[in-house]
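Working notes, beginning with the structure itself.
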Amino acid sequence: MLTKRIIPCLDVKEGRVVKGIQFLELRDAGDPVELARAYDEQGADELVFLDISASHEGRETMVDVVQDVASELAIPFTVGGGIKTIEDMKRLLRAGADKVSLNTSALLDPHLIKAGADYFGSQCIVVAIDAKWDETIGTWRVYTHGGRNPLDKEAVAWAKEAVDLGAGEILLTSMDSDGEKHGFNVDLTKAVSEAVTVPVIASGGAGCSEDFTEIFTEGKADAALAASIFHYEETSIAEVKAHLKEEGVNVR
Amino acid sequence: MIGIVDYGMGNLFSVSKALERLGVPYIISDNKEQLAHAEGLILPGVGAFRDAMKLLNETGLSSFIVDQAQKGKPVLGICLGMQLLFEESEENGLHTGLGLLKGRAVHFDGVDKSGTSYKVPHMGWNRLVFHHESPLTAGLEEEHVYFVHSYYVTGETKESLIASADYFGEVPAVVGKDNVFGMQFHPEKSGDLGMGLLGNYTRYVKNMEVLK
């Protein structure tokens, strides 16, 4: 049986991991390779690197980061952030990334999903969706630019459209749950996961091991992504996996 | 020395770095003369079957690989590269493969026997089940490896199925007949077992060379 995946997410700026990583055993908490190795050793099933560089130079550095990680580790990983063209995708995938994640650029130009899937195969193309509940329309609305700009687009419908265009996976972030640590958004994840034929990664809201069990069983997620609870060692991947095993969820 | 066949598709970088970590010399090339000097070949591949075969046929690499394999040179296909070793694939219409192994690549149904739908691609870590002894699995234990694919091989001979994974049916994961091998998953992204399998292939290549 296929196992459920646990995916730590690392924010990278100008080639360095940022946002409070508190692994005591690390010499250099900003080094992407050292952190990737630490997570690999803890049992991470995959990694996501989100490039939050503002500059062109920073983005160029990301290609080096990808090469370094792919050179040293036998673990699959996805790179997202600022990918706008086929050329951007090509550089990252050739450097050893397994998948690229598109968010705002795919919303501005949905054809980019199709172009990427045609060129590299659907399995390389992840579409990331930032969604927030909207009382006025009675469903979840899609946001661009890191959750700043609301769109006239509904999350479940956009997920389906993205998959029709060739997305091989959906990375779904609940803006309502993100940072709250009260658990993943079960309703949103379930709605999207049941609407699409491809795997769905749930993101936003992880606070403890039980949250992972809930999102896999009730939320129908195929994978779950978290950042701060792993970075701050509030729990470890090993702990989460041990709990999932006890609850009968199939993990590696 | 291993020759990684570069025909414009595939994650060559990760495969080559995995060989470096194993301490195995390699070349990446699309040049037949250079590849002919390699003691064993690796055929990687990410993307669509039709496009890959088109490139291999246009460059003459398809007949070269078949010729080399028939002369006894070890060949390992990875992911799409494994599917290319078979007779044909149903991806984007029926297309002919290299025909070194018997069988065809077909799409996952997406619906199980009870009518419940399941996710395609088959993406993530799945456990291998070993079927019979092979130099590729020698000394290794059944563990999880990383899969990403929407098509899988069916109609293979029983003898060629070295290991499989369970994803709404039996999915051939490691195949092999004589000197021709394939891995449906990505050994270069599959942790210790992946590296172990890749290491076994390179040792097999070395041993074949000694026997010559």
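The values are calculated or read from the model by the stated rules, or taken from the named source; none is laboratory data. Just so it is clear, the model here is predicted, and its values are computed rather than measured. Positions of Cβ are generated from backbone atoms using ideal geometry, with glycine treated the same way; all protein chains shown enter the neighbour counts. Heads up: the accessible areas ignore ligands, DNA and RNA and are worked out on the full protein's heavy atoms, side chains in. Shrake-Rupley method; radii C 1.70, N 1.55, O 1.52, S 1.80 Å.
Estimated from helical segments only, the mean residue ellipticity of chain B at 222 nm is -9000 deg cm²/dmol, where each DSSP H run of four or more residues counts as -39500 (n - 2.57). When restricted to Cα atoms, chain B yields an Rg and a Dmax of 16.0, 53 Å, respectively. Other residues within the sphere of radius under 12 Å centred on the Cβ of A:S71, judged by their own Cβ, net out at -2 (K and R +1, D and E -1).
Taking a Cβ cut-off of under 15 Å around A:L108, the surrounding Lys, Arg, Asp and Glu residues balance to a net charge of -1, with basic ones at +1 and acidic ones at -1. For chain B, a crude dipole built from +1 on the beta carbon of Lys and Arg and -1 on the beta carbon of Asp and Glu, taken about the Cα centre, is about 220 debye to the nearest 20. Considering region B:104-212 at the alpha-carbon level, its Rg and Dmax are found to be 14.6, 53 Å.
Let me check something: with ligands and nucleic acids excluded, how do A:Y232, B:Y201 order by accessible area (1.4 Å probe), largest to smallest? Working shown, then result.
Values: A:Y232 90, B:Y201 0 Å².
Descending accessible area places them as A:Y232, B:Y201.
Charge dipole (Cα centre; +1 on Lys/Arg Cβ, -1 on Asp/Glu Cβ; no other charges) of region A:22-90 amounts to roughly 220 debye. Using alpha carbons only, how many angstrom separate the centre of region B:1-59 from the centre of region A:81-155? Between the Cα centre of region B:1-59 and that of region A:81-155, the gap is 31 Å. Using the beta-carbon distance between A:M1 and B:K102 and R0 = 30 Å, what value does 1/(1 + (r/R0)^6) give for FRET efficiency, to the nearest 0.05? Efficiency, from the Cβ-Cβ distance: 0.60.
Using the membrane-span-like helix rule (whole DSSP H runs, Cα extent along the own axis of at least 18 Å, mean Kyte-Doolittle hydropathy at least -1.0), which helices of chain B qualify? Don't jump to the answer; show the numbers that get you there.
On the way: long enough: B:191-211 (30 Å, 0.00).
Passing helices, by number: B:191-211.
Placing unit charges on the Cβ atoms of the charged side chains and taking the dipole of the protein assembly as shown about its Cα centre, the candidate lying farthest along the positive direction among B:S16, A:G204, B:V120 is B:S16. Taking amide H atoms as placed 1.01 Å from N in the peptide plane, the amide H of B:C79 lies under 5 Å from those of B:M183, B:Q184, B:F185, each 5 or more residues away in sequence or on another chain. Which stretch or stretches of region B:64-108 have amide N atoms under 12 Å from the point lying 7 Å from B:L22's Cα along the Cα→Cβ direction? It comes to B:75-78, nothing else. Ranking B:G199, B:Y151, B:V174 by Cα position along the charge dipole of region B:2-211, where only Lys, Arg, Asp and Glu carry charges on their C-beta atoms, puts B:G199 farthest toward the positive end.
Computed over the alpha-carbon pairs of the protein assembly as shown, the distance histogram in 10 Å steps reads 4, 21, 32, 26, 13, 3, 0, 0 percent, short to long.
Rounded to the nearest 20, the size of the Cβ-charge dipole of chain A about its Cα centre is 500 debye, with Lys and Arg at +1 and Asp and Glu at -1. A simple packing score, the average count of other Cβ atoms within 10 Å per residue, orders the peptides A:154-160, B:78-84, B:170-176 as B:78-84, B:170-176, A:154-160, with the highest score first. Relative to its Kirkwood radius, the Cα radius of gyration of chain A gives an Rg/Rh of 0.94. Legend: residue pairs A:K84/B:K189; A:K114/B:K17; A:K160/B:K119; A:K13/A:K160, Cα-Cα distance threshold 21 Å; pairs beyond threshold, A:K84/B:K189; A:K114/B:K17; A:K13/A:K160.
Mean partner shielding of peptide A:187-200, defined as the number of other chain Cβ atoms within 10 Å of each residue Cβ, is 2. Across peptide B:115-127, the mean count of Cβ atoms from other chains lying within 10 Å of each residue's own Cβ comes to 6. For B:G199, the shell of other residues with beta-carbons less than 13 Å away shows a net charge of 0, using +1 for Lys and Arg and -1 for Asp and Glu. Straight-line cross-link partners of B:K177 among the lysines, defined as a Cα under 21 Å from its Cα and at least 8 positions apart when in the same chain: B:K71, B:K73, B:K102, B:K158, B:K206, B:K212.
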